[in-house]
Amino acid sequence: MHIHLGASALMVELASETETEQVGRAIAGVIEPGTVIGLVGPLGAGKTRLCRAIAEGLGVDPGAIASPTFLLIHEYEGRLPVFHADSYRLDDPEEFDALGIVDEFEGPGVCLIEWADRIADRLPSTAWWVELEPSGVASRRLVIRSRPSILEQIAERLAPENPSRQDR
């Protein structure tokens, strides 16, 4: 894993699914109630795997976690409630509104929205953005955009597992 912390983004080069899980646990460690995370990337980029790792990091039973592609939204109980939604199959943003997840944006839980670029105008201005892009057979490039203090906390949580961390 290689990390680069910039002023407005944290970029992480991931070599494996295990490293994706490490990032998910680091994100879970800094999440607060009301956090909305929009995930963007092509099919197979690792959006669902990262959501699963975040949920597991929040204490959700791993056996309960499923992709929301067909049900569109799942709710899980953990340290914080987790709402996991997928907007891939939605035809328009109004369908997203009809899911009711917008009501949870300022609630006591965490909202993880896959294919968030399809409904970007529906997400709050405080939403974190996570972009995943395959960079090889098993490798990924992950970019997180959030407040600088959040990015620093995530980088710090990854630092013990990553001696090659690079700062600004």
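The values are calculated or read from the model by the stated rules, or taken from the named source; none is laboratory data. Model, not experiment: these values are computed from the prediction. All Cβ positions, glycine included, derive from the backbone under ideal geometry; neighbour counts span all protein chains shown. The area values use the complete protein model at the heavy-atom level, side chains included, leaving out ligands, DNA and RNA. Shrake-Rupley method; radii C 1.70, N 1.55, O 1.52, S 1.80 Å.
Brief remarks on what is shown
- Residues of segment 102-121 that turn out to be farther than 21 Å from Val60 by Cα and open to solvent by less than 60 Å² (accessible area, probe 1.4 Å), as a count: 5
- Here Leu112 fulfils each of the conditions (1) free of Cβ contacts under 8 Å to residues at least 40 places away in the same chain; (2) closer than 17 Å to Glu32 by Cβ apart from (1).
- Qualifying residues in segment 49-99 (those that are under 22 Å from Val30 (Cα atoms) and open to solvent by 60 Å² or more (accessible area, probe 1.4 Å)) - the one modelled with the lowest pLDDT: Pro62
- Count of segment 1-39 residues which are open to solvent by less than 40 Å² (accessible area, probe 1.4 Å) and assigned to a strand (DSSP E or B): 9
- Looking only at residues of segment 122-140 that are of a type in the set (Val, Ile, Thr) and at pLDDT 90 or above, we find that the one that is most open to solvent (accessible area, probe 1.4 Å) is Thr126.
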